[in-house]
1. For ILE62, all conditions in the list (1) touching a strand residue (DSSP E or B) at 6+ places or on another chain (Cβ under 6 Å); (2) at pLDDT below 90; (3) β-branched (Val, Ile, Thr) hold save one; what is the number of the exception?
2. Looking at (1) over 11 Å from TYR61 (Cβ atoms); (2) at pLDDT below 95, which is the one condition that is false for MET119?
3. Quick check on this structure: which one of ASN109, ASN93 is in a strand (DSSP E or B) and of a type in the set (S, T, N, Q)?
4. How many residues are within 16 Å of SER83 (Cα to Cα) and surrounded by fewer than 20 Cβ atoms within 10 Å (Cβ to Cβ) when one looks only at the range 120-149?
5. Would the range 83-101 turn up any residue that is more than 17 Å from the chain's Cα centre (by Cα) and of a type in the set (Asp, Glu)?
6. Quickly run through the range 153-175 and pick out the residues that are within 19 Å of SER88 (Cα to Cα) and modelled with pLDDT of 60 or more.
7. Hey, any hits in the range 70-86 for a residue that's outside any helix (DSSP H, G or I), at pLDDT 85 or above, touching a helix residue (DSSP H, G or I) at 6+ places or on another chain (Cβ under 8 Å) and acidic (Asp, Glu)?
8. Output the residues belonging to the range 112-137 that are part of a loop (DSSP other than H, G, I, E, B) and in contact with a Gly (Cβ under 8 Å, 6 or more places away or on another chain).
Amino acid sequence: MGYSKGIVYFIDILGSKKRIDDFDGSLKINNIFHGSLYDLETLANFDCGEKYVTSFSDCAYIIFKMKDEYSDDKMFVKYLYHSLDEISMLMRNFVSNKFLCRGGIAMGNLYFDETKNIMFGPAINNVYELEQKAKMPRLIFDDDLAKMLLDYETELKKNDKYFNIFVRYLDIIMKDNMDHRYFLNYLAGSPMLLDNSIDYYARQQEWVKNIIEKEPDHEIVAKYNWHLDFLTTVKNDYVINRDERDV
């Protein structure tokens, strides 16, 4: 018995104060946390670890624990990408249901026992602290994890053919000019959505504008405006990169 190596996500759905008495909304959030991730198990053929989801209120810890025999760095990076793909699909599911998320992503030592609902360790603590720093609707990376991912993305770009297939014109990690934090681009692996980005953006813009018109809290308005800025950046980057690579 002891710590294991793993990847941990802590995700908080914004707007909890407005859902204090909203049973249906809270139930929907928890069903998305559990349903989206476990539905993906039938689609993925990549079994090198355990996945554990525990949700409470409108938050969740999601743990991807590596099997000991797959804990070398090369296999760990592949498992990291696998987990990022799953979490990206989860994020897209939340946004399509008009929920914004913020949180953290960390790697490191952890322990969990699903039968006793116990989890602790440096990675668990780290990812909780990252969520507190995220502020805007984004999942921010631990610095060490961000460096590992950036180094791997650089290697991928040396092989243009593989890179085009793997990340589909967009980096999965982005840097926020606001505070220079790296965060997950959950739209990187969704070319079908991005190919219809004008319609997607229009729907998101309509939803956000309706929220902003009724929202007196400037801090909440700032979060929704950040979401729109993110969508605009992704849409523009996708069109530019797609056109350049398809020439």
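1. Here ILE62 meets the rest and fails (2).
2. Evaluating MET119 over (1) over 11 Å from TYR61 (Cβ atoms); (2) at pLDDT below 95 leaves (1) as the failure.
3. Within the list ASN109, ASN93, the selection yields ASN109.
4. Matching residues across the range 120-149 total 2.
5. No.
6. Step one: of the range 153-175, the residues within 19 Å of SER88 (Cα to Cα) are 153, 163-175.
Answer for the range 153-175, where residues must be within 19 Å of SER88 (Cα to Cα) and modelled with pLDDT of 60 or more: GLU153, LEU170, ASP171, ILE172, ILE173, MET174, LYS175.
7. no
8. Hit for the range 112-137 is GLY121, nothing else.
The values are calculated or read from the model by the stated rules, or taken from the named source; none is laboratory data. Predicted, not measured: the structure shown is a model, and the values here were computed from it. Heads up, the Cβs are rebuilt from the backbone with ideal geometry, glycines too, and the neighbour counts pull from every protein chain shown.
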